[in-house]
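The values are calculated or read from the model by the stated rules, or taken from the named source; none is laboratory data. Since we're looking at a predicted model, the values are computed, not measured. Because the Cβ atoms are built from the backbone with ideal geometry, glycine has one as well, and the counts that use them run over all protein chains shown. Ligands, DNA and RNA are stripped out before the accessible areas are found, and what is left, the full protein with its side chains, is counted by its heavy atoms. Shrake-Rupley method; radii C 1.70, N 1.55, O 1.52, S 1.80 Å.
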Amino acid sequence: MDLFSKLLKREASLSKNVAKERLRLVLVHDRTTISPQLLENLKEDLIKVISNYMEIDSGETEVTLNSDDNSVALSASIPVIKINRLSSR
Amino acid sequence: MGEVIVITSGKGGVGKTTTTANIGTALASMDKKVVLLDTDIGLRNLDVVMGLENRIVYDLVDVTHGNCRLKQALIRDKRFDHLALLPAAQTKDKTAVNTEQMFKLCQQLKEDYDYVLVDCPAGIEQGFKNAIAGADKALVVTTPEIAAVRDADRIIGLLEAAELPSPKLIINRIRPDMVKTGDMMDINDMIDILAIELAGVVPEDQTIVISTNKGEPAVLDVNSKAGQAYRNIAKRIMGEDIPLMSFEVDETIFSKFKKLMGFKS
């Protein structure tokens, strides 16, 4: 092992970096519960962007954050009404 | 018209009360009119940290329930005429006061004082809601530990939801020696994670224990490093541009090396 990779390995095992990584994960989960307003804003933006490409049923669109032990996933259920051929650049 | 600043943290034991006492005393030592408001009903401590526990006659709940006038409950500090404390009640529970009463009280105090510093209880329940009810600004205290930073993050979210945006961070009890060896998160780590502006950094310091034993805030001790850090924070609150103390910007050799190599740390 060369000096540089030794240094890299040491860096990763520093307890402060372990703390940072654990914090990062825990905060992803904590923050998912904080603001429904943010999710609503995101949904509106998504609808705006997608509407440039296809006609969707905005009333039936759902955006949710789902988390399990290791990850958090953003899922969107967006019913498509019509795809506009001309805008499919 | 003064300014109401709430000092909060989420987690207990990170130094909210010590911070309130020291910033308040520092502001008073710079000729500001300051009142300290202890909202930790049932677990009051700001009085002992300030060394004023023997002077208490009335408390916060007496004021909000109209048992006495506000002026009667305010305790004048031993050292500064223009520094006062409104102690929390010790024998009642947190529900004895509501957010409306707290808001009114803060408005009233603001008229006579330059700074109203509100010492918030730990937790995110009624006591927290009361403490932030009348606040114009918020200071979030944390220590370089996972549990404290996590709770600080939660508190920042709640402050934003309560329309108390852009709170500032105080990192308390940092140990430059451990930061140097990579065994304690450094300032940048915490600022990155919490995405919040820094109000100041206070080193772990024995003089805090000694000054608390005596009931004399550390800012009065010119040799106390923590005291110096608190004086700096007070000056920043007053709008002065004070650079961080040298220990506050310690970096590990490796992070300097990485920066030199063009890596982002």
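B plus A alone minus the pair: what accessible area, both sides summed, probe 1.4 Å, in Å² to 100? Walk me through the numbers before you get to the answer.
On the way: alone 12760 and 7630 Å², together 18670 Å².
Protein heavy atoms only, the B-A interface buries about 1700 Å².
Peptide A:4-14: average number of partner chain Cβ atoms within 10 Å per residue?
Details: counts 1, 0, 0, 3, 2, 0, 2, 7, 0, 1, 6.
Mean partner-chain Cβ count within 10 Å for A:4-14: 2.
Any idea of the accessible area per residue across chain A, 1.4 Å probe, to the nearest Å²?
Accessible surface, normalised per residue, equals 76 Å².
Roughly how far apart, in whole Å, are the Cα centres of the range B:109-159 and the range B:75-89?
Cα centroid to Cα centroid, the span is 20 Å.
How far is helix A:15-32 tilted, in degrees, relative to the longest principal axis of the Cα atoms in chain A, given as a value from 0 to 90 rounded to the nearest 10?
Approximately 20 degrees, to the nearest 10.
Please go through the range B:152-225 and write out the GluC sites (Glu not before Pro) that DSSP classes as loop and that have at most 14 other C-beta atoms within 10 Å. If you can, show how the numbers build up before the last one.
On the way: sites: B:Glu160, B:Glu163, B:Glu197, B:Glu204; in loops: B:Glu163, B:Glu204.
The qualifying sites are B:Glu163.
If I compute solvent accessible area with a 1.4 Å probe over the protein chains, what percent of it on the protein assembly as shown is carbon and sulfur? Don't skip to the answer; put the middle values down first.
On the way: 9440 of 18670 Å².
That fraction is 51 percent.
Restricting to the protein assembly as shown, what percent of DSSP beta bridges are antiparallel, rounded to 5? Present the calculation step by step, with values, prior to reporting the outcome.
Numbers: 11 of 38 bridges.
If we restrict to bridges inside the protein assembly as shown, about 30 percent are antiparallel.
Amide H to amide H under 5 Å from B:Val202: which residues, 5+ apart in sequence or cross-chain, H placed 1.01 Å off N in plane?
B:Ile171, B:Asn172, B:Arg173, B:Ile174
With Cβ to Cβ distances under 13 Å as the rule, what net charge do the other residues near A:Asp30 carry (K, R +1; D, E -1)? List each step's numbers first, then the result.
On the way: positive: A:Arg22, A:Arg24, A:Arg31, B:Arg150, B:Arg154; negative: B:Asp151, B:Asp153.
Around A:Asp30, the charge tally is +3.
Can you give me the relative contact order of chain B as a percent, contacts being Cα pairs under 8 Å and 6 or more apart? Present the calculation step by step, with values, prior to reporting the outcome.
Numbers: 540 pairs, mean separation 63.5, N = 265.
Contact order relative to length: 24 percent.
Quick one: accessible area per residue over chain B, 1.4 Å probe, rounded to a whole number of Å²?
On the way: 11910 Å² over 265 residues.
So chain B comes to 45 Å² accessible per residue, rounded to a whole number.
Please give the calculated 222 nm ellipticity per residue for chain B, where each DSSP H segment of at least 4 residues contributes -39500 (n - 2.57) and the sum is spread over every residue; nearest 500 deg cm²/dmol? Don't skip to the answer; put the middle values down first.
Numbers: 12 runs with 110 residues, N = 265.
Mean residue ellipticity at 222 nm (helix-derived): -12000 deg cm²/dmol.
Cross-link partners among aspartates and glutamates for A:Lys43, C-alpha distance below 13 Å, same-chain residues fewer than 8 apart left out?
A:Asp57, A:Glu60, A:Glu62
Among bridges DSSP assigns within the range B:1-127, what percent are antiparallel (round to 5)? Write down the numbers at each step before the final one.
Numbers: 2 of 16 bridges.
About 10 percent, rounded to the nearest 5.
Across peptide B:143-153, how many C-beta atoms of other chains are within 10 Å of each residue C-beta, on average?
Values: counts 0, 2, 2, 6, 2, 0, 5, 5, 1, 0, 6.
Across the residues of B:143-153, the mean count of other-chain Cβ atoms within 10 Å is 3.
Indicate the helices, whole DSSP H runs only, in chain B that combine a mean Kyte-Doolittle hydropathy of 0.5 or more with a Cα extent along their long axis of 20 angstrom or more.
Values: long enough: B:99-112 (21 Å, -1.05); B:146-161 (23 Å, 0.79).
Passing helices, by number: B:146-161.
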